[in-house]
Amino acid sequence: MRQMLKVTVNGYPWEGLVKSDQSLLDFLRDELGLTGAKKGCDGGECGACVVLLDGRAVNSCLIPVLDVNNCEVRTIEGLQDEQTNQLQDAFVSVGAVQCGFCTPGMIVAARALLAEVHNPGEEEIREAMVGHLCRCTGYTRIAAAIKLAASRINPETAGPER
Amino acid sequence: MDLIGRDIPLIDGKEKATGRMVFTADINRPGMLYGMVLRSPYPHARIVQIDDSRAWKQPGVRAIITGKNRQFPFYSVAGQKVLDEQLLATDKVHFIGDEVAVVAATDRDTAAEALRLIKVEYEQLPPVFDPLSAMADGVPLVHQSQASNIPYRMEFSRGDINEGFAKSEVIVEETFNVGHQYQGYLEPHAAVAECDISGRVTLWLPMQSPTLGRITYAAALGIPENKIRIVQMPIGGGFGGKLEYKLHALCALLAKETGQPVKMVNTRAEDFQAGLPRVPMQIKMKLGVRSDGTLAAKESEIIADSGAYVNYSHGILLSACHRHDNLYRLQNIHTKGYLVYTNKVPTGCFRGFGNPQVHFALESILDMAADRLGMDPAELRLRNATQTGDVTVHGWQVLSCGLSDCINQSTNGAGWQAKRLTEIKPDTKDQVEKKAGQEALQEARYAKGIGLACCLHVSGNRTFLPYFDGASCRITVNEQGMAIVFVGETDLGQGARTTFAQIAAHELGLPITDVMVTLVDTDINPHGLGTFGDRATTLGGNAVRLAAADARRQILAIAAEETGSTAEKLVINDGIITGEAGIRLSLAEIAQLALSQLAGGHICGQGVYIPPDVTAVHPDTKYGNISCSYPFVAQVAEVEVDRWTGRVKVNRIVAAHDVGKVINPLLANGQVDGAVAQGIGYTLMEDMGIANGKVSNKTFSDYNMPRITDMPEIKSILVESNDPNGPYGAKGLAEPALTPTAAAIANAIYNAVGVRITELPVTAEKVFRALKERFGCP
Ligand code: FES
Ligand code: FES
């Protein structure tokens, strides 16, 4: 069955028929060719598919596409602001990226975190990232990268350099 | 340009972090079909018949292939002698998840629906699940073509164990059990295939060894190797699990059948059910130690659960049987090993290749012996540690060995002496409550402990494969002065491309941004067996170094001719060639000159590295120097055990690795972090829950991999022993970094609460039960 959907993706309006039982992730990847969000599990357990839905980080594999009617979706491809750039630079420079399959989801989630908390501490980071699996890095550098990016974006509220 | 030893971030890091890196599942080709696999629901059954007529009626279906409508040759992974696999099951299925049919359709939903409509009639057969019972006479055979369920067995001796045991002050004996571990790469197995008019298939695959894959898939499909081209795609985590995989050949099959491009991607459940997890083993070990701490004799029996097919498990069994013998100066050894078929998921390669399993046993039993001798476990290891220059009991020529340094530096780094408790606290909860009230209760509840374990690995070893197993590289310089590196070793995400770029840039005198490293394409890249066995940096790195030196010679020869100077008087720095009397030319200028001087030819450096003095092991005695270098490790785990519940928390891991020479500290430490995380998962958390042949934990919520909240502090110490064979002295790191973690944690648990857990994973229940057994109520 196909139904009408109206959605804004990465700032561009989109309108058309979609498979009603499709997930937001499949819609983004298969219909729009936005493959930055990855399918690691298709069950809400890995965080590789995280996108912003009206500014909130969500596992797009769990969202029925029709639920995003009239919403605003932003994927890794549509995040090109200063904060995202800082996060990407920090992830690469501290070694928080290895194979990179988990990375887009991590960056989007970290971007959402920094929009809420300027300089998150270890606990806040752990809480925000607990839904994200990474099998390569052992996570310590991911936390370090988020802190580094935060301190560069908001130097005035950052704690002392560690 | 001295780039060796510098922190250089991944050259493809930004591509990954922006989501621009194209992985296999992201590929879209015009007219592409979607392929899916029908898998067996039974562990052991005869296929009576398959009815695909209803599935064919589904609009959009383009191909349905089964073992009933097609003949498939028997094959094995490259060079393995027991041909026990077919692309699709013909007569029997051998495990839950065995491939029975494949379908290609215009989209995923249609393919899934077609699978549902294929009716397979099975006649269930009695299965065998337990490797020990599978070894007995008269049990059902997993493969009818085999005489028994034991496709491989081995036995070898060194010295005289009877004499060794006779001279021992203590003899300890224990049986260890280690289970399946799933690789847990975030990218599930995937493949895209396309067939041209001549019947030649191009496969886009996230795989560790395109060269080996081509050999195996040609055999599986019954076509010549030159009819397959493999283009390596970025690998979203491999860890051994993506060396080769049947789905790739199935995708090629569908592309040949339909003449259209086909994509196949495992669901996560399929990947759990039919991946190639770590080989489970039962390890019986008996160790004799003299009163002065000298290791005197060791006897072992290893039974490895191959699951339904051999895959690489014969090599893994061999590795488990004999690599660890070279860690210490032990002369009297007797070992028996059996590889056993069961009707369970076939097992395969996973970081460590049999070594984590057996080091859990060896390094646990060493602590048991130390305990009996009243000797510090670090001291016991130092007394016996292999040293630089040793030729080990199996004939390994150890040209660099930092084992003692690793032990000293990891224990010092962890504050070993101060933290090592000499006494455990055997009080039960009731006693403590009575004695001292709440405060003491809390203190007694959480017991801290510290444990050490060591390991070694090979780096750049001779495999059982009949193919050239050195490495080769070609470096071309284009007219813009950019060096392009072609090598046969793959990047699994660990950063091999970055390391290769770093080496090429270092040798050529270029900024690293002027070096590109291609992904492997079997039509273009020179031969290389790919990435496994810690060979990428050691062998591939050497080949890149030699190719870059060759390219450099060519560049300087052209520059010398152009300027009337001599090559010896010219240097390249930052992409500029300079020399006396103000000679100054850019590499781009030289490349353009080369183009005209060589009439359209170009600068092309070649490098071939053949590891010296390396042989395959003797088929019977298993003797021989199998690798050109050997990395060593010591890890110290600090744990906290909740004595009331048995829950174990790792507080810190201090990991010292002898990597020969650190080429890129940023990436090297990243390998340690990731490996230790996997090691902690292996030790404490990960259990596939296989019962009656069925994987019950096949989601990430049931199969518990470490998350960010599970990670302790990891302190990494890199020891440099400067190996004469490694490039710049470097040896491998990624595999041994996981190997000792389990034993280090188990030893720390013993140190904390006095119970020895001999089975992985070490769950809270097991610790709780052991505490109860030893001390009564906790
Ligand atoms: S793919 Fe959505 S959480 Fe894993
Ligand atoms: S970098 Fe590979 S899964 Fe995170």
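Peptide A:138-146 is shielded by partner chain Cβ atoms: per residue, an average of 6 of them sit within 10 Å of its Cβ. Measuring between alpha carbons in the structure, the pairs from B:LYS14/B:LYS242; B:LYS242/B:LYS286; B:LYS16/B:LYS246; B:LYS256/B:LYS694; B:LYS57/B:LYS263 lying more than 31 angstrom apart are B:LYS242/B:LYS286; B:LYS256/B:LYS694. Note on chain B: antiparallel DSSP beta bridges, both residues inside, total approximately 80 percent of the bridges counted.
For A:ASP67, B:ASP196, write out the residues from largest to smallest accessible area, computed with a 1.4 angstrom probe and no ligands counted.
Details: A:ASP67 100, B:ASP196 75 Å².
The residues order as A:ASP67, B:ASP196, largest area first.
Calculated [222 nm] ellipticity per residue, helices only, for chain A: -9500 deg cm²/dmol; basis is -39500 (n - 2.57) per DSSP H run with n ≥ 4, divided by all residues, nearest 500. The value given for the protein assembly as shown is a Kirkwood hydrodynamic radius of 29.1 Å, derived from the mean inverse Cα-Cα separation. Only DSSP H runs of four or more residues enter the estimate; each adds -39500 (n - 2.57), and after division by the residues of chain B the mean residue ellipticity at 222 nm equals -8500 deg cm²/dmol. The residues of the range B:183-214 occluded by other protein chains by 50 Å² or more of accessible area, set against the chain on its own, are B:LEU186; surface from heavy atoms, 1.4 Å probe. Each peptide in B:216-226, B:500-510 was scored by the mean count of other Cβ atoms within 10 Å over its residues; highest first, the order is B:500-510, B:216-226.
Given an 8 Å cut-off on Cα distances and at least 6 residues of separation, report the relative contact order of the range B:470-609 as a percent. Intermediate results must be reported in sequence, preceding the final value.
Numbers: 299 pairs, mean separation 49.4, N = 140.
Answer for the range B:470-609 is 35 percent.
Across peptide B:672-678, the mean count of Cβ atoms from other chains lying within 10 Å of each residue's own Cβ comes to 5.
Placing unit charges on the Cβ atoms of the charged side chains and taking the dipole of the range B:264-314 about its Cα centre, the candidate lying farthest along the positive direction among B:VAL310, B:PRO277, B:GLY293 is B:GLY293. Sorted from longest to shortest, the spans of the Cα atoms of chain B along the three principal axes equal 90, 78, 54 Å. Against the criterion of solvent-accessible heavy-atom surface with a 1.4 angstrom probe, B:VAL641, A:VAL130 sort, most first, into A:VAL130, B:VAL641. Taken over the C-alpha atoms, the range B:470-609 has Rg and Dmax values of 15.0, 50 angstrom. Model label sites at A:HIS118 and B:ALA616, defined 7 Å from Cα along the beta-carbon direction, differ in position by 6.6 nm. Averaged over peptide B:232-242, the number of partner chain Cβ atoms lying within 10 Å of each residue's Cβ comes to 3.
Multiply the residue gap between B:GLU765 and B:SER701 by 0.36 nm, knock off their C-alpha separation, and tell me the result in nm, one decimal place.
On the way: separation 64, 0.36 × 64 = 23.04 nm, distance 1.91 nm.
Net length gain for the segment: 21.1 nm.
Potential lengthening of the chain between B:MET516 and B:ARG29 amounts to 172.8 nm, from the contour at 0.36 nm per residue minus the alpha-carbon distance.
Average accessible surface for the protein assembly as shown: 35 Å² per residue, computed with a 1.4 Å probe over protein heavy atoms with every protein chain in place. When you filter the trypsin sites (Lys or Arg not before Pro) in the range B:258-344 for DSSP loop state and at most 16 other Cβ atoms inside 10 Å of their Cβ, you are left with B:ARG290, B:ARG329.
Once you reduce the range B:527-590 and the range A:1-35 to the center of their Cα atoms, the two points are 51 Å from each other. Just checking the listed ones, A:LYS147, A:LYS39, A:LYS19: in the Gaussian network model of chain A with Cα springs under 10 Å, the one fluctuating most is A:LYS19.
Just for the range B:156-267, what percent of DSSP beta bridges are antiparallel, to the closest 5? Before the final figure, lay out the partial values.
Details: 8 of 13 bridges.
Of all bridge pairs located within the range B:156-267, approximately 60 percent are antiparallel.
The alpha carbons of the range A:2-78 occupy a box of 29, 24, 20 Å along the principal axes, longest dimension given first.
The values are calculated or read from the model by the stated rules, or taken from the named source; none is laboratory data. Because the structure is a prediction, the values reported are computed rather than measured. In this analysis, Cβ positions are derived from the backbone assuming ideal geometry, glycine residues included, and neighbour counts consider all displayed protein chains. These area figures cover heavy atoms from the full protein model, side chains too; ligands, DNA and RNA do not enter into them. Shrake-Rupley method; radii C 1.70, N 1.55, O 1.52, S 1.80 Å.
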